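Okay, so here's the structure we're looking at.
The values are calculated or read from the model by the stated rules, or taken from the named source; none is laboratory data. Model, not experiment: these values are computed from the prediction. All Cβ positions, glycine included, derive from the backbone under ideal geometry; neighbour counts span all protein chains shown.
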Amino acid sequence: MQIILVRHAETLWNLEGRWQGHTDVPLSPTGIERIRTSARYVEHWADRIAAVYTSDLSRAKATAQGLFPLWQNHITVDARLREIHLGDWEGKKRELIMQSDGERFYEFDHTETVSAPGGESFRDSRERVLSWYQERVARWGQTDCIVTVAHGGTIRALLFALIPDLPGSLRKHFRVSNLSVSVLKTTSTDRAEIAHWNVPIEWYRGPQA
């Protein structure tokens, strides 16, 4: 089974370098335009995928709806696919967080168990995303191709949930760009391997047989 993970298009806060988390930030004009131009690259996916899922945050939903118009009435929305909750750090730039809460930021960035004030830890978000996967995987066939449109943190959380040998402290080294494609191939119901990582959507050839 293949899980194609697509990060949402650029938002206004991506453009400004602000941390988003659960805040429902709209797409930027550039993000909207890139979805429009990228839709033609994914047209041929339509008859090769078994399901499309998305976070309930508008930046992910709008990306899924724009990329997969033929699936408009069949996209499943699930709040468990939200970005990691960043609490009081949402809306702030990384540099300001490091200046005002540097020790906590370091622990958040290098461990799995420390959270932003009022937010969740990486372990929390990983367990949340894993609960979505474990609930859904029983409905998927071994040859199915599943598309999930979500967030950088969500995509990393699923990666580390399904490849548990990876230490969570390495997550910052797995870059996830706007409108990139990462593909996991499952080797069992609870483990996976990386087939592609952070490929621009325009470069990805689509689901493989």
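The figures follow:
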item: So Thr111, is it crowded, with 20+ Cβ neighbours inside 10 Å, in contact (Cβ under 8 Å) with a residue 40 or more places away in the chain and touching a helix residue (DSSP H, G or I) at 6+ places or on another chain (Cβ under 7 Å); result: no
item: Residue that is nearest to Arg128 (Cα to Cα), among those in region 159-175 that are surrounded by fewer than 16 Cβ atoms within 10 Å (Cβ to Cβ) and modelled with pLDDT of 90 or more; result: Ile163
item: Within region 41-70, tally of residues that are farther than 16 Å from Ala150 by Cα and in a helix (DSSP H, G or I); result: 10
item: Counted residues, region 90-108 - those being in contact (Cβ under 8 Å) with a residue 60 or more places away in the chain and assigned to a loop (DSSP other than H, G, I, E, B); result: 3
item: Test: residue in region 131-147 that is part of a helix (DSSP H, G or I), surrounded by fewer than 19 Cβ atoms within 10 Å (Cβ to Cβ) and among the polar types (S, T, N, Q); result: yes
item: Failed criterion for Ile194 (all others in (1) in contact (Cβ under 8 Å) with a residue 40 or more places away in the chain; (2) surrounded by fewer than 16 Cβ atoms within 10 Å (Cβ to Cβ); (3) not in a loop (DSSP other than H, G, I, E, B); (4) not polar (S, T, N, Q) hold); result: (1)
